[in-house]
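Worksheet: the structure to be examined is printed underneath.
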Amino acid sequence: MSGTEAGPGRIRVLVADDEVLIRGAVEALLGLEEDLEVLPGVGDGEAAVRAAVKHRPDVCLLDLEMPGLDGVDAARQILRTVPTKVVIFTRHARPGVLRRALAEHVSGFVPKSTPAEALADVLRQVAAGRRYVDPEIAASALTAERSPLTDRELDVLRAGRRAARIEDIAAELHLAPGTVRNHVSNAIGKLGVRTRQEAEHAAWEAGWI
């Protein structure tokens, strides 16, 4: 069942995923649970923020990889403005991303392979104030290499995945182009790669951005 008004005791859930078939399937399966009320879903991070502000769900289930804001960046904005909980779900559970998510006070982190009944139970736990992290992802995160990059260098590489030009990155982060170039140069040196694009890819593969 979907809608914007929850019945007595129901947990109101917002699903954000840019893959329409997956989002529809998740919404349909969660909608079979009598205690869950599925709100109209969205397909990108910015839309997730707007929908969370509008509908004020109990739990937001956010895909990690979405156009524009990824799940963690969307979670950051949502949790700053809405009294809700966030669960990240993803097909590619890169361990470094878990650290990012937990730093933003995300309450749950699960793979998309999670069975529907188990996912519904995670949403119930999170809505009740508990935290859930998939055990395999948690174990991988404990042994994953920590980022050698500064927060600002990570910001620059993250923005670089959305912007082709240094000037565009600078505008997004409110930095001078020369400052952005310095951060890129430092990141390239620390990661032992040759180009900005290689640095962005290495940081993404490690789950740091």
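Nothing in this text is a laboratory measurement; each read-out follows from the coordinates by a stated rule. Here the structure is a predicted model, which means the values were calculated and not measured. Quick reminder, even Gly has a Cβ in these numbers, built from the backbone with ideal geometry, and neighbours come from all protein chains shown.
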Reachable lysines from Lys85, criterion Cα separation under 23 angstrom, eight or more residues apart if same chain | Lys54, Lys112
Rounded to the nearest 0.05, FRET efficiency between His174 and Glu19 (Cβ-Cβ, R0 41 Å) equals 0.80
Percent relative contact order for the chain, counting Cα pairs under 8 Å at least six residues apart, stands at 15 percent
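Please identify the GluC sites (Glu not before Pro) of region 25-95 that satisfy two criteria: DSSP loop assignment and at most 12 other Cβ atoms within 10 Å. Which are they?
Counting only loop positions with at most 12 other Cβ atoms within 10 Å, the GluC sites (Glu not before Pro) in region 25-95 are Glu34.
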From the residues Leu62, Gly160, Val97, which one has its Cα farthest along the dipole of the chain in the positive direction, the dipole being from +1 and -1 charges on Cβ of Lys/Arg and Asp/Glu about the Cα centre?
-> Gly160
When N counts the residues of region 11-143, how does its alpha-carbon radius of gyration compare numerically with 2.2 N^0.38 Å, as a ratio?
-> 0.93
For region 151-206, what ratio Rg/Rh do Cα atoms give with a Kirkwood hydrodynamic radius?
-> 0.92
Looks like region 1-87, by Cα gyration tensor root eigenvalues a ≥ b ≥ c and the a/c under 1.5 rounded cutoff (else prolate when a/b is bigger than b/c, oblate otherwise), is oblate
Sparsely packed trypsin sites (Lys or Arg not before Pro) within region 65-109, loop by DSSP, other Cβ within 10 Å at most 12 = Arg91
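Which loop-located GluC sites (Glu not before Pro) does region 82-152 contain, where loop means any DSSP state but H, G, I, E or B and the Cβ has at most 15 other Cβ atoms within 10 Å?
Counting only loop positions with at most 15 other Cβ atoms within 10 Å, the GluC sites (Glu not before Pro) in region 82-152 are Glu145.
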